[in-house]
Structures are given as C-alpha cells and as structure tokens.
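Notes to accompany the following structure.
The values are calculated or read from the model by the stated rules, or taken from the named source; none is laboratory data. No experiment lies behind these values; they were computed from the predicted model shown. Every residue, glycine as well, gets a Cβ built from its backbone with ideal geometry; the counts of neighbours run over all protein chains shown. Note: areas computed on protein heavy atoms with side chains; ligands, DNA, RNA excluded. Shrake-Rupley method; radii C 1.70, N 1.55, O 1.52, S 1.80 Å.
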Amino acid sequence: TTEIYTLSLHDALPISAAIRQLKVLAQKGNTDAQVLLGDLFLTGKGVFKNGSLAGTWYQSAAEKGNAEGQYKIAIIYLNGVHLPLDPKEAGIWLKKAAPQGHPGAREALVMRLGETPPPVIKPKPAKK
C-alpha cells in the first residue's frame, strides 16, 4: 500500500510511468493496485477508458477478499454497465464486502437490494 500511496501523491514520475508501476504491482496480486487500476480504466484517467477492463481488475481484487473491489464489482453488476445487469451476482459481492465494514456495501444491500447487511466481523489481531 505504501508504494501505491507514494505513486499517487508525488509527481516524481510521469503519469505513464506511474501507471506502468501500478500495473506491475497489480499483476503481482496487490489488491489495492488492482482497485486503483480499475478506477483509472473506469474513468479514463491516464489510460483509455475501458469499463470492461475496470471490471476485470475489480473482480481480481474482489476474489482476493478486497472489500473495495467487492463493492465496486457489485455496483457494476447492479448498474448493468460494462457487465450484464445481475443483481444476484451483485448481492453475492456486497455480502462479502459488508461484513468487512464497507459502508457503501452495507448501504447498497439495504437501499438497492432491500436486504439487511450481515454483522461486521472484526479482524483478528495480528500475532506478535
């Protein structure tokens, strides 16, 4: 996460070089980088706008347990833009993000699907 934070806040690298480094991190499985790349492709900032590719990066992060990726892929399914409209699939992803405390996922379950969100599960403290 620190590497991504540095790339996004400093102008030391041209945007294309920063995006290349972000892609390297994403391809290595960094879920925060995957979500950021999804955001870039969804909005077309620094890259060609490509909602399908955004969905691919969100899905990759979601499958690894990233709550933001789970939420964002769910919203794509709920809106039926860039991927087919699929409220059932959206619900599956929202129900994975909501117990992690993702406020958007919890709200979408209630407001968009009319479901009660599952309780938030607190992560276990790291072993010392």
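Please work out if residue 124 is more than 29 Å from residue 23 (Cβ to Cβ) and either at pLDDT 95 or above or assigned to a loop (DSSP other than H, G, I, E, B) (or both).
Here the answer is yes, as residue 124 does meet what is asked.
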Q. In the list 36, 42, 83, which residue meets the criterion of being open to solvent by 20 Å² or more (accessible area, probe 1.4 Å), farther than 30 Å from residue 122 by Cβ and within 12 Å of the chain's Cα centre (by Cα)?
A. 42
(Q) If a residue must be assigned to a loop (DSSP other than H, G, I, E, B) and surrounded by 14 or more Cβ atoms within 10 Å (Cβ to Cβ), how many such residues does the range 102-114 contain? (A) 3
Q) Would it be correct to say that residue 13 is under 27 Å from residue 84 (Cβ atoms) and either outside any helix (DSSP H, G or I) or at pLDDT 95 or above (or both)? A) no
Q.
Let me confirm something: among 72, 96, which residue is open to solvent by 40 Å² or more (accessible area, probe 1.4 Å), within 15 Å of the chain's Cα centre (by Cα) and within 27 Å of residue 15 (Cα to Cα)?
A. 72
